[in-house]
1. Before we move on, is Q179 buried (at least 23 other Cβ atoms within 10 Å of the Cβ), under 20 Å from I91 (Cβ atoms) and of a type outside the set (A, V, I, L, M)?
2. For T132, all conditions in the list (1) at pLDDT below 95; (2) under 15 Å from R7 (Cβ atoms) hold save one; what is the number of the exception?
3. Is it the case that the stretch 144-167 has a residue that's aliphatic (A, V, I, L, M), closer than 24 Å to S17 by Cα and over 16 Å from the mean Cα position of the chain (by Cα)?
4. Collect the residues in the stretch 25-41 that are surrounded by 24 or more Cβ atoms within 10 Å (Cβ to Cβ) and either closer than 18 Å to G169 by Cα or over 13 Å from the mean Cα position of the chain (by Cα) (or both), keeping them in residue-number order.
5. Six or more apart or on different chains, Cβ under 7 Å: which pairs go from a residue in the stretch 136-160 that's within 11 Å of T178 (Cα to Cα) to one that's hydroxyl-bearing (S, T, Y) and assigned to a loop (DSSP other than H, G, I, E, B)? Could you list them?
6. Can you name the number of the only condition in (1) within 21 Å of I124 (Cβ to Cβ); (2) under 16 Å from the mean Cα position of the chain (by Cα); (3) hydrophobic (A, V, I, L, M, F, W, C) that A92 fails?
7. For a quick check of your reading: which strands (runs of 3 or more DSSP E) sit entirely within the stretch 7-116 and have at least 3 residues that are touching a residue at least 40 places away in the same chain (Cβ under 8 Å)?
8. Condition first: surrounded by fewer than 20 Cβ atoms within 10 Å (Cβ to Cβ), small (G, A, S) and under 12 Å from L186 (Cα atoms). Now tell me which residues in the stretch 6-24 satisfy that.
Amino acid sequence: MNRWSDRLYAIVDAETSSDPEELARRALSVGCAALQLRAKTLDDQHLLALAEQLNAACKQARVPFVVNDRPDIATLIGADGLHLGQDDMRIAEAREIVGEIDIGVSTHNLRQALEADRDGADRIAFGPVFETTTKENPDPVVGLKNLEEVCRSVSCPVVAIGGITPENGARVLDHGATQLAVISALPRFLVER
């Protein structure tokens, strides 16, 4: 366990990690609140195999496992959650496929956050809070002030994302975020203390 364990929403990106299975194993052994698989370009066969492996590891560690973008894969493997982007299907449509598992939605402004909250999101990801290099065409930086406004305005938990590091993580939590979603800086959060 480390100081971030109960606040770390670990995102394992299969395209940017040289060894996604090892990164997930480290996150689970050091401690995280949830683990999400992001794999935008993997073919279905490899995505399903990787998702099954990470889901099994998460179940053993008693950490919720979330699948990004793919309600079909989430349903097939019995994932704990699904995460949707702004260009993915609506929450109501996803619910018809996945049932009552946890659904999170990426948002980039107050209007999107309020809409996701109204539509029944269980969790809202909001960002990018800071500049990020993880996305090819990132949305504009939202900053801490907008994060705080969203956290005050919605009823569900807010997971901050985008450029979050061990150096700025505490400031993000101080502005109301429930958890810190981390992709590129994930190895830096996995230091046991």
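The values are calculated or read from the model by the stated rules, or taken from the named source; none is laboratory data. Because the structure is a prediction, the values reported are computed rather than measured. Cβ: placed from backbone, ideal geometry, glycine included. Neighbour counts: every protein chain shown.
1. Details: buried (at least 23 other Cβ atoms within 10 Å of the Cβ): yes; under 20 Å from I91 (Cβ atoms): yes; of a type outside the set (A, V, I, L, M): yes.
Considered against the rule, which asks whether it is buried (at least 23 other Cβ atoms within 10 Å of the Cβ), under 20 Å from I91 (Cβ atoms) and of a type outside the set (A, V, I, L, M), Q179 comes out as yes.
2. Unmet condition: (2).
3. Residues of the stretch 144-167 that are aliphatic (A, V, I, L, M), as a first pass: 144, 147, 150, 154, 158-161, 164.
Filter again for closer than 24 Å to S17 by Cα, leaving 159-161, 164.
Filter once more, keeping what is over 16 Å from the mean Cα position of the chain (by Cα): none.
There is no residue in the stretch 144-167 that is aliphatic (A, V, I, L, M), closer than 24 Å to S17 by Cα and over 16 Å from the mean Cα position of the chain (by Cα).
4. Step one: of the stretch 25-41, the residues surrounded by 24 or more Cβ atoms within 10 Å (Cβ to Cβ) are 27, 32, 35-37.
The answer is A27, C32, L35.
5. Matching pairs, first to second residue: P157/T178; V158/T178; V159/T178.
6. Of the numbered conditions (1) within 21 Å of I124 (Cβ to Cβ); (2) under 16 Å from the mean Cα position of the chain (by Cα); (3) hydrophobic (A, V, I, L, M, F, W, C), the odd one out for A92 is (2).
7. Values: elements: 8-13, 34-38, 65-68, 81-84, 102-107.
Per the criteria, 8-13, 34-38, 102-107.
8. S17
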